[in-house]
Amino acid sequence: MAQILDITLDNFETTVMKASAERAVVVSFFSTQVPECAPYEAILEKLSKELDFTLGKVNLDQPENEAFIRSFQIRSLPDVRVLSQGEMADVIQGVLPEDKLKERLGKFFMTDEARALQAIEDAILEKRFEEAKPALDAGLSKNPSDKHLLLLLAQTELGLGNSEQAKTILTSFQEGDEGYLKAKSLLELMEFHLEAAKSDIQGEEAIRFHEACVFASKEEYREALQAFLSLVREFPDWNNSRASKAMLTLFNVLGAKHALTWEFRAKLNNALFV
C-alpha cells in the first residue's frame, strides 16, 4: 500500500531498511532551498500512488538530518534512492522527466506476472527466441486466449524460422482483437520470411530478390528497400513486378508516415515513371 513518510535518523532503520526487505522503498532527499525539489516531490508523491510504493522523504533543511548527506554522499539535489533488501538498488540524481522517472522506478514495483512478461519482450527484442519460447508456452498454458502472448509467440516462431506455426497464430486474429494490426503487419511480412528460408535459389534476379527478403525478415528495412529498388531499376517487370510489390508491402508494414516510406516511395515512383 502506498505510503508517504517523513524519514529521520530515528526511524530510518525500521521504516526504510527493514521495510525494504519485503518491498523496495523510495527515499527522496530534498531541500526547500532548491527550487527544483518542490515540483519533483509532487511528481514522486503522484508516482507513489500510481506504482503503489512507500516514499520516504528526508528534509535536509533540518540540522538533525545532515548526517544523511555524509552517509549517502549526496552532492546535489534532488536526489532519489531506491533501497531493496536493505541495499542500494538505484540512485537517481537530478531531475528526470516524469515518464522517465516512472519507467526507472517502475522496474522495482512490477507484479511477478508483469516482470515475467517484460523478460519475454526483452528476449524477443534481443532475438533470444529460444529463451522466449518456453516462457511463452508456460504463460499460454495458463491463459491460452491471451492475445498479447499469442502475438509474442508468433514473433518468436518467426524468429525461430517456424513460419507455418506463426501463420496459424496470426490468422486467428480478428478485427477488433488486441494486437490485430500488428498481427496483420506480421502476416504481410510472411512472404519475406518464407522466401528467406528457401535455399538453392537460381537466377540473378531471384538471388537478388532472395537477399532483399532476408534483409526484410531481419527487419533491416532500409537495406531491404534499397535491394528491392535496385532490382526494380534494372528489371522492373521481373516476375510480374514482384520487387515493386514487395516494396509496397513494406510501405504498408512501416506505415504511411514512416521516414523510410516517404524516402523510398519517392524513389520507387521515380524508377517506375520517370
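The values are calculated or read from the model by the stated rules, or taken from the named source; none is laboratory data. Just so it is clear, the structure is predicted and the values come from calculations on it, not from any experiment. FYI the Cβ positions are ideal-geometry reconstructions off the backbone, even for glycines, and counts take in every protein chain you see.
The table below gives the values:
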read-out	value
Within segment 101-123, considering residues that are in contact (Cβ under 8 Å) with a residue 24 or more places away in the chain and not hydrophobic (A, V, I, L, M, F, W, C), the one farthest from Lys46 (Cα to Cα)	Glu121
Extreme residue, nearest to Arg104 (Cα to Cα), among residues of segment 4-24 that are surrounded by 15 or more Cβ atoms within 10 Å (Cβ to Cβ) and in contact (Cβ under 8 Å) with a residue 60 or more places away in the chain	Ala24
Filtered residue count, segment 2-24, keeping only those that are under 36 Å from the mean Cα position of the chain (by Cα) and part of a helix (DSSP H, G or I)	8
Looking only at segment 243-259, and only at residues there that are surrounded by 17 or more Cβ atoms within 10 Å (Cβ to Cβ) and of a type outside the set (Ser, Thr, Tyr), the one that is nearest to Phe209 (Cα to Cα)	Ala243
Segment 168-223, residues that are in contact with a Phe, Trp or Tyr (Cβ under 6 Å, 6 or more places away or on another chain), crowded, with 19+ Cβ neighbours inside 10 Å and not in a loop (DSSP other than H, G, I, E, B)	Ala183, Ala212, Cys213, Ala216, Ser217
Condition met for Phe129 (closer than 30 Å to Cys37 by Cβ and within 19 Å of the chain's Cα centre (by Cα))	no
Listing of strands (runs of 3 or more DSSP E) fully contained in segment 25-98 that carry 3 or more residues being assigned by TED's automatic domain parsing to the domain that holds Thr15, farther than 14 Å from Ile7 by Cβ and free of Cβ contacts under 8 Å to residues at least 60 places away in the same chain	87-93
Checklist (1) modelled with pLDDT of 90 or more; (2) of a type outside the set (Lys, Arg); (3) within 27 Å of Leu51 (Cα to Cα); (4) part of a loop (DSSP other than H, G, I, E, B) applied to Ala132, failing item	(4)
